[in-house]
1. Give me the pairs: first residue in the stretch 134-153 and assigned by TED's automatic domain parsing to the domain that holds Met27, second residue surrounded by 12 or more Cβ atoms within 10 Å (Cβ to Cβ) and not in a helix (DSSP H, G or I), beta-carbon distance under 7 Å, and six or more apart or on different chains, which are they?
2. Residues that are closer than 26 Å to Leu162 by Cα, at least 1 per element: which helices (runs of 4 or more DSSP H) completely within the stretch 41-145 meet that?
3. Collect the residues in the stretch 220-251 that are surrounded by 14 or more Cβ atoms within 10 Å (Cβ to Cβ), under 13 Å from Ala402 (Cα atoms) and of a type in the set (S, T, N, Q), keeping them in residue-number order.
4. Criterion first (at pLDDT 90 or above and either of a type outside the set (Lys, Arg) or out of contact with any helix residue (DSSP H, G or I) (no Cβ under 9 Å at 6 or more places or on another chain) (or both)) does Asp212 satisfy it?
5. So which of Leu28, Leu21, Leu34, Leu48 is modelled with pLDDT under 75 and assigned by TED's automatic domain parsing to the domain that holds Tyr135?
6. Report yes if Asn284 is crowded, with 17+ Cβ neighbours inside 10 Å, of a type outside the set (Val, Ile, Thr) and touching a Leu at 6+ places or on another chain (Cβ under 6 Å), otherwise no.
7. If a residue must be farther than 29 Å from Asp418 by Cα, under 29 Å from the mean Cα position of the chain (by Cα) and part of a strand (DSSP E or B), how many such residues does the stretch 193-235 contain?
Amino acid sequence: MIAESVTSVVTIAVRDVMTVLAAIGVMLFHSPTLTIFVAILFPIIAVLVQLLGIAFRRYSERIQDSVGEVTQLTEEIIRGNTVVKAFNGYKYERNRLTGVDEKNRKQNLKLIRVRSLGVAITQVIFGFGLALVIYIASLQSIQGVLSPGQFISFFSAMMLMLQPLRRITNVNATLQRGVAGADSLFMILDQKDEKDIGTTKIKRVNGNVKFDSVDFSYDKDNLVIDDVSVSIGAGKVLAIVGHSGSGKSTLVNLLPRFYEINSGKISIDDISISDFTLESLRENISLVSQDVILFNESIKSNLTYGQLKPCNEKDLLKVAEAAFINDFAKDLPNGLDTIVGDRGMLLSGGQRQRIAIGRALLKNAPILVLDEATSALDTQSERHIQDALNLLMKDRTTLVIAHRLSTVEKADKIIVLDAGKIVEQGTHKDLINNDGQYANLYRMQFSEIQ
């Protein structure tokens, strides 16, 4: 849309505007008086073009939004087709799609109507101007001021302007459509870059992590993390537990500075994370989240993503074995070179999770964040992966988020979050003896297993 607008506008600006200027030059040469009468029309047409431009832009922005709604809804229906089928949602989704399609159709019709109206009004105005010019020219011809040859030449130049003026009016619609698209594009391009004013570069940190009175909120009103203070020594394991929505994932996402804290301080080896360069900070942190992101490339390319590309084949195969990726890759047509599809949709949830864990193993960073890293695995796979994670966690600072408390019993420290606050902390044994929230959660899960 933007490319079309730029191409059309440039072409018309060069060709048609030059044609109009040349025609005006011819008209001035033959009869300045008649040219003045014609010139009276230009301010009227200019005001018309400006008013139409406002309407064009308004409807173009609405069309842009409605096309986005159609695209989003279509993608939603395709991705969620199993739910649509299972709950017999054909009629409901058809009605939704018909609604947004109809909205898009109406906005396009309004744009076409305004564009057609603009051309018609321009032609009518030019027609009245033409009649006035012919009348004045007739009077001048009778008075001997204007010869028939001059009149024909003047009239031809004026008629030559008609088509270019029509195209200039039409191109305004294309231009405004492009401007509306550019607004959406530049809204994204104009977003501020991540703040990266730190200068400290450390190839490999020891891994002492400390949260000191940390507050964070996604908006100004509601604190998601509220005065959290906790420290963990290098090579130790900190488990973070709590109900859904308590702020566990948000807390660990503050460490690699995916978000900037409101107040307080987060430090690694007594150096504030804001003093590190983003590249150096994130090179020292591996992340395995519950929402596994894979790219539409091979298993091998997803394992060696980004800074891991230079790794050798031996390390890659070792990691594939440790993360039990070979267990399923050997049955695939091209092994580790098999394409995983968009967001890894050609693999099961457990297989995607193993690749994410393998990627973290290959990175070999001193700080490891595990956000429900085994959530998508069956019991047998989880046992294998837990063994691999235990090896990975050895001598590394690890922050573990887990709903299944049985997986964090051996953690060096456990904190319990509730509404963004630490309500309990200690070892598994201490928290069981305290008979607080952690003990209640543990007994609840234990009874469910029984």
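The values are calculated or read from the model by the stated rules, or taken from the named source; none is laboratory data. Here the structure is a predicted model, which means the values were calculated and not measured. Cβ atoms come from the backbone with ideal geometry, glycine included; neighbour counts cover every protein chain shown.
1. Ala137/Leu146; Gln140/Leu146; Leu146/Ser31; Gln150/Ser31
2. Filter on the stretch 41-145 gives 41-79, 90-142.
3. Ser246, Ser249
4. Taking the combined requirement at face value, the residue satisfies it.
5. Just a single option satisfies the conditions, and that option is Leu48.
6. no
7. Selection size over the stretch 193-235: 0.
Rundown of residues vs (1) within 24 Å of the chain's Cα centre (by Cα); (2) among the hydrophobic types (A, V, I, L, M, F, W, C), yes/no style:
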| position | (1), (2) |
| --- | --- |
| Asn253 | yes, no |
| Tyr259 | yes, no |
| Gly264 | no, no |
| Ile268 | no, yes |
| Leu303 | yes, yes |
| Leu308 | no, yes |
